[in-house]
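What follows is calculated from the coordinates using simple rules that are stated; it is not laboratory data. In this text, all values refer to a predicted model and were calculated from it rather than measured experimentally. Virtual Cβ from ideal backbone geometry, glycine too; neighbours counted across all protein chains shown.
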Amino acid sequence: MYPLPFVVWLLVIAGVIGLPALTFVALARGTATGNLRRTAPVRLAWAVAIGWSLWAIASALLAAAGVYRLTWTATNPAIGVAALGAMLAAFLFTRMPAVSRLLARPELAWRITLPHALRIAGGAAFLATFALGKLPAIFALPAGFGDIAIGIEAIFLAGRMRRGVAGRGVLWFNILGLLDLAYALTAGFLAGPGPVRLLTVTPSTAPVALLPLVLIPTVIVPLAVILHVVALRTLRLTIRASRSGTGSLAAVPTRSS
């Protein structure tokens, strides 16, 4: 655990709870038609909520036990393993036939964009920690402002998608969102303590491996990545359907309740 002000803890917890919560609401309110039962979105939402809540608790316990802690004498890949493991588990879940059909529905496109708004909290936590002199600028400023920019854009883009006027903004939003996450993970690793330190900066990114900040790369980032991947998959399927004349741009859906 790292000695940080209550406001930083509050920001991290807001992101850890808020992003999955908005994802839960998005899935629970998703429209199911055809061969999908009306209860499918609700069941999917509960599966995501329970699974991600258990993972968040497990990650917090691992962090409290010092599993993620970085040292100068040895490289600790625990954060990367945890983040990639969570992403892989979530990705495999989305590839289940029933889940994949539901997530591909155009009515969910704008709903799964809105949860990214909670990345504002994570970005603000990085900037607040940087302002306290606990994180290096090369990591905190791009990661912090990047998350805040993506979070703000998510709010406006979700509104445009709901009205059916988002256009190519959907593609660029998801690409830039993934690049923002990739940079944060890479810079966090390269500027962290270890026997081979490629970014020699002071301070290091050691606080990111401790509570509460470690919950951002291990809990928030994996879910954000999967939401981007699902959105891009839906966009690809929509463009294919549009070109074949069997559908319209689902990534820029019509208004739904």
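Data table
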quantity	calculated
Candidates 207, 136, 77: whichever shows maximal mean-square fluctuation once the chain is modelled as a Gaussian network with Cα springs under 10 Å	77
Relative exposure of 59, 244, 100, judged by other C-beta atoms within 10 Å (fewest first)	244, 100, 59
Under the Karplus curve 6.51 cos²θ - 1.76 cosθ + 1.60, θ = phi - 60°, whole-Hz ³J(HN,Hα) for the stretch 109-116, x wherever Gly or Pro sits	4, 6, 5, 7, 7, 4, x, 4
Evaluated over the chain, the Cα radius of gyration and Dmax, each in Å	18.7, 60
Spatial separation of Cα centroids for the stretch 101-133 and the stretch 51-99, in angstrom	18 Å
Volume of the Cα convex hull of the stretch 6-128, divided per residue and given in Å³	111 Å³
In Å, descending, principal axis extents of the Cα set of the stretch 161-202	51, 12, 11
Choice from 85, 18, 177 with maximal GNM fluctuation in the chain (Cα, 10 Å cutoff)	85
Net +/- balance of residues flanking residue 210 in space, Cβ distance below 15 Å, scoring K and R +1, D and E -1	+2
222 nm mean residue ellipticity, helices alone, for the chain (DSSP H n ≥ 4; -39,500 (n - 2.57); rounded to 500)	-21000 deg cm²/dmol
Charged-residue dipole, Cβ positions (Lys, Arg, Asp, Glu), the chain about Cα centre, Debye nearest 20	1060 debye
Dipole of the chain, positive end: most advanced residue of 123, 24, 80 [Cβ charges, Cα centre]	24
Burial ordering of 96, 161, 87, fewest other beta-carbon atoms within 10 Å first	96, 87, 161
Placed amide H near residue 71: partners under 5 Å, 5+ positions off or other chain	76
Translational D in µm²/s for the stretch 77-203 (Stokes-Einstein at 10 °C, 1.306 mPa s, Kirkwood Rh from C-alpha pairs)	97 µm²/s
Helical segments meeting 30 Å axial Cα length and Kyte-Doolittle -1.0 threshold in the chain (DSSP H)	6-28, 40-64, 137-163, 169-190, 221-243
